[in-house]
Amino acid sequence: MQRKRILISGNEAIAQGAICAGCNFYAGYPITPQNEIIAYMSKYMDKSGGVFIQAESEIAAINMVYGASAAGARSMTSSSSPGISLKQEGISYIAGSRLPAVIVNIMRGGPGLGNIAPAQSDYFQATRGGGHGDYRLIVFAPGSVQEAYDLTQTGFRLADKYRIPVMILGDGILGQMMEPVKLTAKKNKAGLRKPWALSGCRGRKPNIVKSFFLREGALEEFNISLQKNYQLISKKEARYEGLNLLNAKVILVAYGTMARIAKSAVSQLRDAEKKIGLIRPISLWPFPQEPFKIKNKKLKYLVVEMSYGQMLEDVQLAVSGRNPVEFLGRSGGGVPGEEEIINKIKKIL
Amino acid sequence: MEKIFTKPESLYDVPTHYCPGCGHGIAHRLIAEVVDELGIREKTIGVAPVGCAVVAYDYWNFDCSEAAHGRALAVATGIKRVRPENVVFTYQGDGDLAAIGTNETIHAANRGENLTVIFINNAVYGMTGGQMAPTTLLGQKTSTSLEGRVKEKHGYPLKISEMLAILPGVYYIERVSLDSASEVLKAKRAIRQAFNNQINNLGFSLVEVLSPCPTYFGKTPKEALEWVKLVMQKEFPLGKIK
């Protein structure tokens, strides 16, 4: 593919990233603010030789993805908060059956039907598994349209590598805003060999895709193997961006769209010669522990979220009481602005 | 000496966990015989339900997937669309196909997915302890309809096969029974038809199999077969529906 820049929205970048990653199965159900993904997939999946299905529900869509992944496809579904709640049973089954899949959540306001304004209030649901059982997803939070495109491709690669569901967690602003994107990937349809996939048992013993372990001790054995996989992922796949961390007096912690606003607050304050830094977690699970190990007793952290404090708990765990952790958050359509962040910093400095 | 009757290759030679007199063992065997006779064992992918038959893959000697309760036809849709060259079927009970999974059932049928569905109707929830099913007969006693199913409280037995037959995406539906040797043979013919339809790309095919559950009918195996024949078939008449 020629390296060129195209102007597209975050939602379209995720869809294009999926196609470039060799995604050959997509099933989804319309819901705002992620409808550009399903429309884009409908337009381009057939052309790229894949399967597109508009499912009868989010529940059907995630279970179609389960089947397609079981058959060895690179599969994706996308939705927004209420729809992601509906998919949770299926995501738990995908995790329990060790299937790869990419699930996109372009978050909107909740609880309930909430509204269609951007939000970050599904952090707990995304990073704690979300459905029943002891399982995790890899969760990526893109901070730009380019990163939405890139991380979707990384998501497919890691889903296959670790046989784990991967979630791309964005919000309505990221989904809707347009930025130039450099198309970097070569089309990769092959992916990994999947000797466990269902293809008919010609020349081998039958493959079984399942998450049911009835024999005494069998489920515990399986869950221990899941945990080993999670430990490996925690060690290898944590990602973050750090800005001005050395000698900072206050370090902002924010992800996704919120990190962009935090970043402009940081640069304003740096211009005024204040020592302000920023940690932007890119992977929300595994949560990056490394940047929170700074030894500076005078340092304070300020977590900023479009929620009432969800990532806050992971920051508190990572900081482990070594430094104070302050919080600024709004939700339900409220987005903390640059001025609000600067005022809060001035208060705690 | 030539053996003229053997265990099908598609069925493992193991004891099943089913209760004495249960119909699942017969239905499993009929599928295995058909798969062998059509020579498709190495390209068959079965989708097992949640319910008594959840571990059907412990008995069938071909690729299988589980599905969440009610979602077998969504899972099968995903598999078949990715691998149209394979033969994909679901095996579902009445609770799975006609209660929790009604939406997936209707829409897979309406899309005309080229799939084979074996629908086991025993008018009761077996695995969870004999609760009322969507197909429980009026007056039939279950652990959640202790005085018998009452239409005013519980609605009517759901005739999902007849409902599906009106959809243009559906190619073939037949209701069969396991109550006697002759009906078992007819059931096998219908199952073979439903697999053949898929092989010939003819579209959605479903065989509803009336099956005895002596344990939760509260009957002996023999009485259970008689009940399927004399009582159940009045509500669910046998024959080709579409």
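The values are calculated or read from the model by the stated rules, or taken from the named source; none is laboratory data. Note that the structure is predicted; figures quoted are calculated from it, not measured. Ideal geometry is used to build each Cβ from the backbone, glycine not excepted, and the neighbour counts take in all protein chains shown.
Observations on the structure shown:
- Scanning segment A:51-75 for residues that are more than 8 Å from every other protein chain (Cβ to nearest Cβ) and over 20 Å from A:S211 (Cβ atoms) returns A:F52, A:Q54, A:R74.
- Of the residues in segment B:49-58, none is in contact with a strand residue (DSSP E or B) (Cβ under 6 Å, 6 or more places away or on another chain), under 21 Å from A:S75 (Cα atoms) and at the interface with chain A (Cβ under 8 Å from one of its Cβ atoms).
- Condition met for B:E183 (among the acidic types (D, E) and surrounded by 18 or more Cβ atoms within 10 Å (Cβ to Cβ)): yes
- Test: residue in segment B:93-101 that is part of a loop (DSSP other than H, G, I, E, B), under 13 Å from B:P134 (Cβ atoms) and at the interface with chain A (Cβ under 10 Å from one of its Cβ atoms): yes
- Meets criteria (part of a helix (DSSP H, G or I), crowded, with 24+ Cβ neighbours inside 10 Å and within 11 Å of chain B (Cβ to nearest Cβ)) for A:Y26: no
- For segment B:23-61, filtering for residues that are in contact with a Pro (Cβ under 6 Å, 6 or more places away or on another chain) and surrounded by 24 or more Cβ atoms within 10 Å (Cβ to Cβ) leaves 1.
- Condition check for A:A248: of a type outside the set (D, E), over 18 Å from the mean Cα position of the chain (by Cα) and assigned to a loop (DSSP other than H, G, I, E, B): yes
- Among the residues examined, A:K274 does not qualify as free of Cβ contacts under 8 Å to residues at least 40 places away in the same chain and either assigned by TED's automatic domain parsing to the domain that holds A:G329 or surrounded by fewer than 21 Cβ atoms within 10 Å (Cβ to Cβ) (or both).
- Scanning segment B:59-79 for residues that are in contact with a Ser or Thr (Cβ under 8 Å, 6 or more places away or on another chain), at the interface with chain A (Cβ under 8 Å from one of its Cβ atoms), not polar (S, T, N, Q) and not in a helix (DSSP H, G or I) yields a count of 5.
- Of the residues screened, B:E152 is not one that is buried (at least 18 other Cβ atoms within 10 Å of the Cβ) and either over 19 Å from A:E56 (Cβ atoms) or over 16 Å from the mean Cα position of the chain (by Cα) (or both).
- Qualifying helices (runs of 4 or more DSSP H) (wholly inside segment A:57-174; at least 3 residues being under 16 Å from the mean Cα position of the chain (by Cα)): A:81-96, A:123-127, A:145-162
- Some residue of segment B:122-132 being within 14 Å of another protein chain (Cβ to nearest Cβ), surrounded by fewer than 24 Cβ atoms within 10 Å (Cβ to Cβ) and either more than 20 Å from B:Q233 (Cα to Cα) or at pLDDT 95 or above (or both): yes
- Meets criteria (assigned to a helix (DSSP H, G or I), more than 14 Å from every other protein chain (Cβ to nearest Cβ) and in contact (Cβ under 8 Å) with a residue 40 or more places away in the chain) for A:I37: yes
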